[in-house]
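Comments concern the structure below.
Where a number appears in this text, it was derived from the coordinates with a stated rule and is not lab data. Fair warning: this is a prediction, and the values are worked out from it, not measured in the lab. Note that we place each Cβ from the backbone using ideal geometry, even for glycine, and neighbour counts take in every protein chain shown.
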Amino acid sequence: MLKLFFLCMLMFSTAANSAENVKDPWAEAVPSEVQLKAMLGHVDASISKAVANTLKNDAAQQPPYQGAIVYSSTNTNIMTAAFTEAKVPDCLHSEGLKRQPTFLLGGYLALPFIAVAKVRGKCI
């Protein structure tokens, strides 16, 4: 079984090395002007006109970073309160037992509930 594992690893490593050495012939291909003019002859005039109009209309639009703020909340207090409530409290601080009921016990009698809250994941 171990031999099969090493054989597979050897095959994958040689395949990866051979794939890295092979260059894509189309990656550095630059068409000549004659080839470009021949390609332009195959494009329909209505398509090239529509593309030119679209590019012209898109260039006239204002960039999004210069416009009004898109994502904002008028009620930031609601979001702030929601994030504060969602935060898991520390077990040894004042809000450590806010999600763990202590059954009306307080002070030293609530100490066992800190361990219970930690085990249940109600506090960190």
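Once the chain from K87 to E28 is taken as fully extended at 0.36 nm per residue, the excess over their C-alpha distance is 15.9 nm. Approximating the spin labels as points 7 Å out from Cα along Cα→Cβ, the L36-to-L105 distance works out to 8.3 nm. The phi-based Karplus calculation (6.51 cos²θ - 1.76 cosθ + 1.60; θ = phi - 60°) puts the 3J(HN,Hα) values of the stretch 81-91 at 5, 5, 5, 5, 5, 6, 5, 7, x, 7, 4 Hz, whole numbers, x for Gly and Pro. Converting phi to 3J(HN,Hα) with the Karplus coefficients 6.51, -1.76 and 1.60 and the offset θ = phi - 60°, the stretch 33-41 yields 5, 5, 5, 5, 5, 5, 5, 5, x Hz in sequence order, with x at every glycine or proline.
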